[in-house]
Amino acid sequence: MDQDLRVVFESRNRQSCADRALVLSSLQIPYQLIDDGASYALVVPAAYSAQAVNELQLYDEENPPVRPSPVRRADYQDPVPGLVGYVLVICIVAGMAGYSFFQSNWVVAGRVDGELIRNGELWRLFTALTLHSSVKHLLGNIVFGVFFGLFAGRLLGSGVAWLAIVLAAATGNAFNTLLLESSHRSIGASTAVFAALGIVAGYVWRGKLMNQDRWSNRYGPIVGGLALLMYTGTGGPNTDIGAHLLGFVCGFAAGMILIRFNAITKDSRTQLTAGAIAFGLVFSSWIIALTV
């Protein structure tokens, strides 16, 4: 090669030089790849330098460097008030239902009943979320509800998280009732538990709160949520699979919507108001259920 050589590209990355060497080779421009121990350089004869520089500039314009998406971090909030409220509500309802307070059959008054809901008793969509058939049923929903509610509360704050959970779960119950026969009946906070799981999955996925370069990271929350749904939500002869699935789906949709209102969830008054509404929906639903 002519001894009058010109450097047309230099980098500390050997692969960057090798890629550009292929460009020069395809154009039949003679070159040398020089390694000085600290960096790499492509040199060409002076007669080809202008053409080489121009072609490498075109290559760079057509192949901009891939920049990894920044990892977004969530500003975690206090989930404890919501968790305490959840446990107290379902435990108090369980105790009052067990002792038939107000001389009422709480299960009959508050369960999901397809025929009655279709006839307008919509409060059952909320009251059924606080009823349980046994101590084992209650304890299971306390454990999983606290577990998933913890993550939802950290992302959204206690008030907003539990208002979203209650509304998503009630919506899941509504859709489940419409899809099944009118004789369908069910109770339990499981729908709310899976709504909480769905909210976390939808919020994390839509908000891109992770590195989005790999498909496993992009769809991890969805796959993980569905896997956990299948593992914990489809077992047992009395399991209402439809309510679990629809609770998760409605929660997932709620999570994707709530990412757009991320800023207002930082406000303490918003959290307090949302929490009061969530409690009010359940409380007022039971007032109606026990007085009609």
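Any read-out appearing in this document is the output of simple, stated calculations on the displayed coordinates, not a laboratory observation. The structure presented is a predicted model; accordingly, all values stated were derived computationally and were not measured. Here the Cβ positions follow ideal geometry from the backbone for every residue, glycine too, while neighbour counts run over all protein chains shown.
What does the highest-first list of 36-42, 6-12, 188-194, 141-147 look like by mean Cβ count within 10 Å?
188-194, 141-147, 6-12, 36-42
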Roughly how far apart, in whole Å, are the Cα centres of the range 73-114 and the range 29-44? 72 Å
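Would you mind estimating how fast the range 5-62 diffuses translationally, via Stokes-Einstein at 37 °C and 0.692 mPa s with the Kirkwood radius over Cα pairs, in µm²/s? Provide the component values of the computation, followed by the final result.
On the way: Rh = 11.1 Å.
Taking Rh from Cα pairs, D becomes 295 µm²/s.
Can you pull out the trypsin sites (Lys or Arg not before Pro) in the range 72-180 whose DSSP state is coil and whose Cβ has at most 10 other Cβ atoms within 10 Å? Don't jump to the answer; show the numbers that get you there.
Numbers: sites: 72, 73, 111, 118, 124, 136, 154; in loops: 72, 73, 111.
Answer in residue order: 73.
List the GluC sites (Glu not before Pro) in the range 83-192 that DSSP assigns to loop (not H, G, I, E or B) and whose Cβ has at most 10 other Cβ atoms within 10 Å. Which are they? Mind showing how you got there, number by number?
Details: sites: 115, 121, 181; in loops: 121, 181.
Those that pass, being in a loop and sparsely packed, are 181.
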Filtering chymotrypsin sites (Phe, Trp or Tyr not before Pro) in the range 85-123 by DSSP loop and by at most 11 other Cβ atoms within 10 Å leaves 99
